[in-house]
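Every read-out reported here was derived from the displayed coordinates using simple, explicitly stated rules and does not represent laboratory data. On a predicted model such as this, the values are computed, not experimentally measured, just so you know. Note that we place each Cβ from the backbone using ideal geometry, even for glycine, and neighbour counts take in every protein chain shown.
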Amino acid sequence: MRSAGGRGISLPRYGVCSAALIEAFVFLTFGFCCHRPGKGAAGTPRQLTCYKRCLRIGIHTSRSKSLENSGLEAHRVGGNTFQIFSASPRMWRASRPDPTDIARLTAVRQRFDLSPLVIHTNYLVNLASLDPEIRSKSVASFRGELDRANAIAADYLVLHPGNFKGQSLEQGLAAFALGLAESATGFSAPGLTVLLENTVGSGHQIGRRFEELRMIRDLAARETDLPIAYCLDTCHLFAAGFNIVDPAGLTETVASADKILGLDQVKVIHANDSKGALGSHLDRHENIGKGQIGEAGFARILTHTKLRDKPFILETPVETDEEARRDIDALKRLSAEPDTM
């Protein structure tokens, strides 16, 4: 027996499998189909390309009822990965997750192969702040985020780089890195990685440019052993001025991210359409295909050979399972478009 995608699902040893057999197995096991390109030159069979088995597509779910329910919701709307808040995103105080609830979440993740699990940090946290009270609360709050992420066995913890108001950008970057290290003092959690998320660059936000994210990681590495990588948000990229809609612009953006950040260090992509125009610095997410990036833009992003192995997690404005499923289905459908990169 061998493992499918490293997730512990066993496949029988059939030798050389037919395309139909592979398709049938994938559909029965994962719940989605393979794309069969048909015949190549001179009638020779092309290699079967299984788009959706290769992709991890999910959504931010609610844990208001329970951690277990957040995982069930992700599966119910068709996802195989998901993101949650570990506590209220707009309150400083937070309680530790219930061990029984954690165990149930773990069981749901194993049952439905939900991976990775991403936690998004509280919106109040600003580790770059000059204000002593806000900085103290931010350090304590982020330490709580680390502890809860460890307890829940999350894979990634997404963090916004903060706001450098009242100081230079360079001072803000240094303050953020030091705050990150202070929060992580004495902390160890093998398997958990903090992800710095890019921003639209509104006002005094840090993180519009890839160089700022890289500088934070490099500075923090001098002060802490905490694993740090990156999360890129499509809406934020577009609103910050990266023309990821245009084929040439997407190629340039990916090349820049690879050169400055290293694409191997981009662990998650937040898949959000943008209500704002290119370079508007407007952080307003839209449903897939209804914003300025559009379906054609997402088809190019999802099928880009250097991006398609990344987990894509939606943070689009949805109120019902039906709306969430519509966005997930859109990503699945667009991921099966022919790769023209």
Give the aspartates and glutamates whose C-alpha is closer than 18 Å to that of residue 137, dropping any in the same chain fewer than 8 places away, or say none. 145, 147, 182
Lysines with Cα under 23 Å of residue 275, excluding same-chain neighbours fewer than 8 positions away: 290, 332
Treat the count of other C-beta atoms within 10 Å as a stand-in for reagent exposure and order 236, 281, 60, 204 from fewest to most. 204, 281, 60, 236
At 10 °C and a viscosity of 1.306 mPa s, what translational diffusion coefficient does Stokes-Einstein give for the stretch 251-338, taking Rh as the Kirkwood radius over Cα pairs? Give it in µm²/s as a whole number. 116
Rounded FRET efficiency, nearest 0.05, which uses the C-beta distance separating residue 170 from residue 96 and R0 of 25 Å: 0.10
Taking residue 267 as the anchor, which lysines have their alpha carbon closer than 17 Å to its alpha carbon, excluding any fewer than eight residues away along the same chain? 259, 306, 310
